[in-house]
Every structure is written in structure tokens, then in C-alpha cells.
Amino acid sequence: MPMEDGSQANGKAVMSPSRKKLVLAAVYLGTLMASLAISIVTVALPAIQTALKVDFSGLQWVVGAYALCLSAFMLSAGPLSDRYGRKRVWLVGVALFILGSAVCAAAPSLPVLIAGSALQGVAGAVVIPGSLSILTQAFPDPHERAHVIGGWSSFSGIALIVDPILGGLLVDHVSWRSIFLINLPLGALTLAIGFGGLQESADPDQASFDPIGQILSVLCLGALAYALIGAGQVGWMAFSTLLALVVAVAALLLFVIVENRVARPLLPLRLFRDRTYASVSFASFVLGFSGYSSLFLFSIFLQQAQGWSATQAGWRMVPVFLAMAATASRFGPLAQRYGMRRLMIYGYVGLGASMLALASFTPQTPYVVVACFFTVLGVGLGLAVPATGAAAMAAVPRAVSGSASATLNALRQSGMTIGIALLGTVMGSRAISAMSGALS
């Protein structure tokens, strides 16, 4: 069937160069918008805490709600796109992200802000993986596709560098609400380009449908996050904490049972029969638990422990993202020279070493020392993230590469969700009391 531009090749529709540029513009802008939700918000957390008069656990939920919904719904994004159309679902995701941002910007209280963040997370679960699916459909040639996906990855890295700086400037010179308002014009532009540039595609016969598995995955992650965050306030042996843990375990067991019986499961458990893939998946979870969730704590540390402003904290977090982007951009040549396995080991060793050093930081630690270990953390992430993905894809047949990729990303996001909840709770009562005292 011909495309809207009327061109065909070998019986298959072909996009014109101008149409492909519109696809890239829409996908890149959508990715930028979704990436803002985590990296830019972390810089604004102290300002949000002061403005809404919330405790530290409330801050955990602001970021945790986004991460929770992102990880829980990411597995469903692919099947929804396959069933109802990639363009349609992706544009709905962008529209929901705009709505969630508007709710956050206008939030008069913490519950409303958390609800907006959760809506952003649901939308991000559609936009982020949907971007890669759209690029795959728009660029069928492997070499061209590799080039545009590489550009998409580089753009994501640049966005991570710019976001904390932009967030600091907006918080210090406008307000914390402006970090959400910026998504409104950005999202509107993305929608306009997407409507005109993207082409619809769908494979309903290949789409899985597992609503029970989806509900159980959300229940499991939500209950676990609630227990870990609540433990910091009421204790590990409190009834609410224990009840939430029981619900999380029960939901997990039921999820495993359902996924083993459904014809097209949300999470194909058969993938974990391969030891290599199972090991790499665990590594991906650890990556989210430690490296990704640490960004939440570092912003708090720089502003409330060391006394930097939001703008200054944003600049001081740049070494992490700059080192990560620079290392990831050179990953291909490095892998050819040193081998994938060695780079993966180096990445996780660097990640562990930096986290161990960062745990010893105090309000008096010179920034030059902080910056050095931020750089080590960035290099570790720049090696570990692509190496983990490449190792996972090499361990599974090409026929299930889509499911394997979605599972890997969902586990990493789940690790971030649990990491934000747990690491924030174990910071200690002295740090929490100090932060709460600053508000009184």
C-alpha cells in the first residue's frame, strides 16, 4: 500500500527524506520531554519541599510515582502500540504527558503533584519505548536505522547534561512550577509534528494481551514502594509496612503464576531460562537501583547538605552526565578493542567504586572530590548501560528481541523505583530530622 507521499519500493512503502526528518524531529522532541521528568525534577526537589511543606518521604513519592508507573506500564506499551497503532498510541502518550505536566504545575498539594507525576510516568512508558519502535518502522534499512538510533541515544545524553542546568535556572529565577510548564509548549510542538510526520503502522495479530498481569505488576511495585518509603516514618515492624510487604509478595507470586499460564504474557518468563540473560537482567536491575536512583539523592545532598543553590547544584551534577554521554558515544570502538564482557565488568566496577566513595561524603567534602567521583560514576554508567543492553540482545534469539529489550528496560526502571524508596529511607533519622527542621 502506498504511503501518503505515494512512494513505494519492492512492494513496500518508502518515506520521503522530508517525511523522515519530521519523524526524527517528533521522536527527538518526545524523548527530550520524557527525559525532563526525572533529571530536571531532581534539582527542584528542595524547592518543592519548602513550597508544599512536605517531609522527605513526600519527596520520594514525587520521583517514585513517576518511576513506579514508568516501570510498571513499560511492558504494556509495546503490545498496545502493536494492537492499536504505533502512531496513535505514541501521540496519546505525548498528550497524556502534557496533561500530567499541567497537573504538576498547578498542584496545590503533594497528593495532586504525585498524581500528576504518576500520569507522566504512564505517558513516559508509552513515549520512550514507542520512540524506538517508530524509528524501526520508519527506517527499515539496518545501516540507516543504526545511524538514527545512535543519534537518538546521543540526543538523550545531551538532554541529560542540559536538564539539571536548565532546571536550576528555572527554579532559581522563575519557580519550581516552571519545570513542568516547559513541557506544555514542547509537547504541543511534538504533537503537531507527529500528526503530520508519523505514519501509522500496527501488527494486531502479534500483540499480547495480559490485563491481569499488568494489574498485578502495578500492585506489586506499588505495595513494595509504599512499604519501603513508609518504613522510614513508621518503622519496619509497623502494621502498614508489614501489610504492604505481604501484598507485594502475594502480588508477585500471583504474577508469576499468571505469566506462566497466559498464551502471550506481559513478561515472558521463558527468557530467564537462559543463564546469561537472567544474569544480565539482574545486572540491569542493579543498574537502576544504584546508579539511576542515586541522582535523586545527589541533588538533595548538594543543595541541603552542602548549601548550593538549585542552579549551582545543576552545574555540579554535569560531570555525571557529561562523562556518561562521552563514554557512551565511544562505546562501539571501545567494544571492538577491549570486548563487550570486559567493558561491562569495568562499568559495574566503576559504578560500585564511585557509589562506595560517594557514601562517605559529608557537608565539608570539597567539590573537586565530589566532581571526581561524579565523573567515575558517569563513566561507569556510560559503559554499563550499553554493555548490559548489548549482552542481553546477544543472549536471546532475534525473534524475541523486542520482548527481551522491554523486559530489560522495565527491570532497570523497577530498580530505580525500589532504589529511590529504599535508599531514601536508609539515609538515617538524623538527615531526615535536619531536613524537616529546616521547614519549621
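The values are calculated or read from the model by the stated rules, or taken from the named source; none is laboratory data. The model shown is predicted, which means the values in this text are computed figures rather than measured ones. Positions of Cβ are generated from backbone atoms using ideal geometry, with glycine treated the same way; all protein chains shown enter the neighbour counts. Calculation scope for accessible area: heavy atoms of the full protein, side chains included, ligands and nucleic acids excluded. Shrake-Rupley method; radii C 1.70, N 1.55, O 1.52, S 1.80 Å.
One line per residue, one yes/no per condition, for (1) modelled with pLDDT of 75 or more; (2) among the hydrophobic types (A, V, I, L, M, F, W, C); (3) over 20 Å from Ala67 (Cβ atoms); (4) not in a loop (DSSP other than H, G, I, E, B):
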residue	(1), (2), (3), (4)
Leu377	yes, yes, no, yes
Gly382	yes, no, yes, yes
Pro386	yes, no, yes, yes
Ala391	yes, yes, yes, yes
Val400	no, yes, yes, yes
Gln413	yes, no, no, yes
Ile420	no, yes, no, yes
Leu423	no, yes, no, yes
Ala431	no, yes, yes, yes
Checklist outcome for this item: Only one of Leu75, Leu96 is under 19 Å from the mean Cα position of the chain (by Cα) and free of Cβ contacts under 8 Å to residues at least 60 places away in the same chain, namely Leu96
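Give Gly100, Gly64, Gly130 a once-over and let me know the one that is under 18 Å from Gly187 (Cβ atoms), open to solvent by less than 20 Å² (accessible area, probe 1.4 Å), at pLDDT below 90 and out of contact with any Asp or Glu (no Cβ under 8 Å at 6 or more places or on another chain). Quick ask: steps written out before the conclusion?
Values: Gly100 fails: at pLDDT below 90; Gly64 fails: under 18 Å from Gly187 (Cβ atoms).
Testing whether each residue is under 18 Å from Gly187 (Cβ atoms), open to solvent by less than 20 Å² (accessible area, probe 1.4 Å), at pLDDT below 90 and out of contact with any Asp or Glu (no Cβ under 8 Å at 6 or more places or on another chain) leaves just Gly130.
What's the total number of residues in segment 106-127 that are more than 21 Å from Phe73 (Cβ to Cβ) and open to solvent by 10 Å² or more (accessible area, probe 1.4 Å)? Spell out the reasoning first.
Our first condition is that a residue be more than 21 Å from Phe73 (Cβ to Cβ); within segment 106-127, this holds for 106-110.
Okay, now just the ones that are also open to solvent by 10 Å² or more (accessible area, probe 1.4 Å), so 106, 108-110.
Residues that pass the stated criteria total 4.
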Checklist entry - Inside segment 222-243, can you point out the residues that are touching a Ser or Thr at 6+ places or on another chain (Cβ under 7 Å) and at pLDDT 80 or above? => result Ala227
Item to check | Residue among Ala326, Ala335, Ala313 that is under 21 Å from Ala395 (Cβ atoms), at pLDDT below 85, assigned to a helix (DSSP H, G or I) and not acidic (Asp, Glu) | outcome: Ala335
Checklist entry - Restricting the first residue to segment 49-62 and requiring it to be of a type in the set (Asp, Glu), which pairs with a second residue that is open to solvent by 60 Å² or more (accessible area, probe 1.4 Å) meet a Cβ separation below 7 Å and a spacing of at least six or different chains? => result none
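Do the conditions hold for Phe321, that is, is it of a type in the set (Phe, Trp, Tyr), in contact (Cβ under 8 Å) with a residue 12 or more places away in the chain, open to solvent by less than 30 Å² (accessible area, probe 1.4 Å) and out of contact with any helix residue (DSSP H, G or I) (no Cβ under 7 Å at 6 or more places or on another chain)?
Working: of a type in the set (Phe, Trp, Tyr): yes; in contact (Cβ under 8 Å) with a residue 12 or more places away in the chain: yes; open to solvent by less than 30 Å² (accessible area, probe 1.4 Å): yes; out of contact with any helix residue (DSSP H, G or I) (no Cβ under 7 Å at 6 or more places or on another chain): no.
For Phe321, the condition - of a type in the set (Phe, Trp, Tyr), in contact (Cβ under 8 Å) with a residue 12 or more places away in the chain, open to solvent by less than 30 Å² (accessible area, probe 1.4 Å) and out of contact with any helix residue (DSSP H, G or I) (no Cβ under 7 Å at 6 or more places or on another chain) - is not met.
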Checklist entry - Does at least one position in segment 24-36 carry a residue that is surrounded by fewer than 22 Cβ atoms within 10 Å (Cβ to Cβ), at pLDDT below 75, over 21 Å from Trp90 (Cβ atoms) and touching a helix residue (DSSP H, G or I) at 6+ places or on another chain (Cβ under 9 Å)? => result no
